[in-house]
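Student: The structure under discussion is supplied below as structure tokens; questions concerning it will follow.
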Ligand SMILES: C[C@@]1(C(=O)O)OC[C@H]2O[C@@H](O)[C@H](O)[C@@H](O)[C@H]2O1
């Protein structure tokens with residue numbers, strides 16, 4: 001079977017990780033511009049000052065994506081490039097860059113798929129409390145509307161937020177991401193609620209103003225599976241899926257928070273402050289969401305936690321490495337002998353991906369899905385100057401096959417975006433963790449080079465994955 005003709009084969013990036021030009025053309029400071037310069041926060045003190053210089057080299061990069069036959073490019077907009085202080089004055093040069101980027105995509109018949117927020121919050125807002133402060137919600141809605149007005153004549157696909165669970169939990173539970181706070185559990189849940197309100201208000205505004213196209217949100221998709229059939233471990237599975245998935249997906253797709261989590265948080269005095277008006281907003285906007293974006297890399301294998309609650313913070317544990325207890329100590333993730341893992345100990349399981357998508361359909365019905373990220377973080381083998389990233393080809397082949405099976409089994413998947421189009425700055429892992437189809441040679445002026453997977457993906461797109 002060929003993938004449907006309107007299925008989008010894409011690839012993704014994020015502003016802070018690719019653009020560089022951190023202080024050029026009127027751009028304001030982001031929280032990551034500041035946080036990454038705190039000694040020890042990132043591997044080898046890497047930061048996004050230059051990244052892979054997409055800001056100056058986007059035409060070359062888009063041309064390479066077009067050569068690959070890429071049908072769609074998912075990229076994010078740097079909020080502080082548009083609003084240097086988070087709100088107030090608009091930076092026209094910032095709008096100009098994204099207008100040029102969008103026009104370059106369209107010139108090559110590449111569909112722009114825009115993420116409004118991929119973690120780079122204006123520092124001016126972070127300093128006023130960031131996502132714990134309701135004012136940030138107001139500022140986001142203004143930023144979103146400015147983008148709708150400026151780009152909505154050519155952009156027809158919008159994602160409000162990328163992976164709320166990551167920037168909220170790493171910002172307020174483990175402290176590995178800005179603002180670097182550890183153990184603020186109530187603050188963590190409050191930020192997730194504020195992000196949900198910012199999303200819902202932006203969706204309602206998008207629909208009320210009659211912008212063309214579709215809007216949704218992207219969440220981590222990390223389905224939990226018990227290590228066995230023991231009752232206590234099946235409970236751990238239920239608990240993990242409730243807190244890591246339903247807490248984020250239900251308010252968007254059902255318009256309500258999962259009762260099990262609300263009850264648990266209330267009993268612990270951790271329930272976010274939520275007004276009736278906000279809860280009504282979630283309820284009335286749920287049906288306005290056009291799709292849900294899934295960022296799937298791996299499942300989590302869980303069991304009842306039998307050790308003291310040790311919040312393993314720090315860089316290496318922030319990338320989803322198994323072995324950590326949940327924030328509340330109820331369950332822990334484990335590695336299993338019969339599973340396959342990446343160099344960063346992330347399980348590789350296209351099977352769990354397909355099972356998880358069925359779980360979502362059972363809970364949310366026939367919701368339109370985009371796979372907005374999926375890929376292999378690896379240290380790519382280089383042989384005689386050629387980047388032979390066969391492990392990445394094998395990983396992506398298995399996951400596109402799972403997407404194909406999902407579509408054949410009646411699950412409404414409308415597109416697949418590999419993470420990432422081009423090698424880029426990993427938030428905490430510098431450049432050692434590569435994801436791209438295009439290699440960036442940091443030893444030779446950021447020269448671009450096509451990997452083996454570049455040619456492989458080109459063929460997959462051309463044949464619409466018919467032979468998978
Ligand atoms: C933590 C990590 C990683 O470095 O592997 O997960 C996979 C991927 O997720 C994306 O949303 C991040 O923007 C990107 O940088 C990657 O981040």
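Derivation of every value follows stated rules applied to the coordinates shown; laboratory data play no part. On a predicted model such as this, the values are computed, not experimentally measured, just so you know. FYI the Cβ positions are ideal-geometry reconstructions off the backbone, even for glycines, and counts take in every protein chain you see.
Student: Going by average Cβ density within 10 Å per residue, which order do the peptides 261-272, 129-140, 340-351 take, highest to lowest?
Tutor: Descending mean neighbour count gives 129-140, 340-351, 261-272.
Student: Between the stretch 107-163 and the stretch 386-421, how far is it from one alpha carbon centroid to the other, in angstrom?
Tutor: Result: 27 Å between the Cα centres.
Student: Also, I was wondering about something else. Distance in nm between label sites at residue 204 and residue 275, each 7 Å beyond Cα in the beta-carbon direction?
Tutor: Calculated label separation equals 1.0 nm.
Student: Direction-averaged shadow area of the convex hull around the Cα atoms of the stretch 193-257, nm²?
Tutor: 5.3
Student: Order the peptides 105-117, 89-101 from the highest to the lowest mean number of other Cβ atoms within 10 Å of their residues.
Tutor: Ranked from most to least packed, the peptides come out as 105-117, 89-101.
Student: Sorted by mean Cβ packing within 10 Å, highest first, what order do the peptides 439-450, 295-306, 193-204 take?
Tutor: Going from most to least packed, we get 193-204, 295-306, 439-450.
Student: Now, a different point. Hey, with R₀ at 25 Å, roughly what FRET efficiency would residue 383 and residue 459 work out to, going by the Cβ-Cβ distance, to 0.05?
Tutor: According to the calculation, E is roughly 0.75.
Student: Taking neighbour Cβ counts within 10 Å as the exposure measure, how do 386, 44 sort from fewest upward?
Tutor: 44, 386
Student: Hey, another quick one. Over the chain, what per residue volume does the convex hull of the Cα atoms give, in whole Å³?
Tutor: 137
Student: So what is the calculated 222 nm ellipticity per residue for the chain, using -39500 (n - 2.57) for each DSSP H run with n of 4 or more, over all residues, to the nearest 500 deg cm²/dmol?
Tutor: After summing the helix terms and dividing by the residues of the chain, the value is -11500 deg cm²/dmol.
Student: Which semi-axis lengths, in whole Å and largest first, follow from the square roots of five times the eigenvalues of the Cα gyration tensor of the stretch 103-230?
Tutor: 28, 20, 14
Student: So in the stretch 342-468, what percent of DSSP beta bridges are antiparallel if you round to the nearest 5?
Tutor: 65
Student: Taking a cut-off of 22 Å, what percent of all Cα-Cα pairs in the stretch 150-299 are separated by more than that?
Tutor: Everything past 22 Å amounts to 45 percent.
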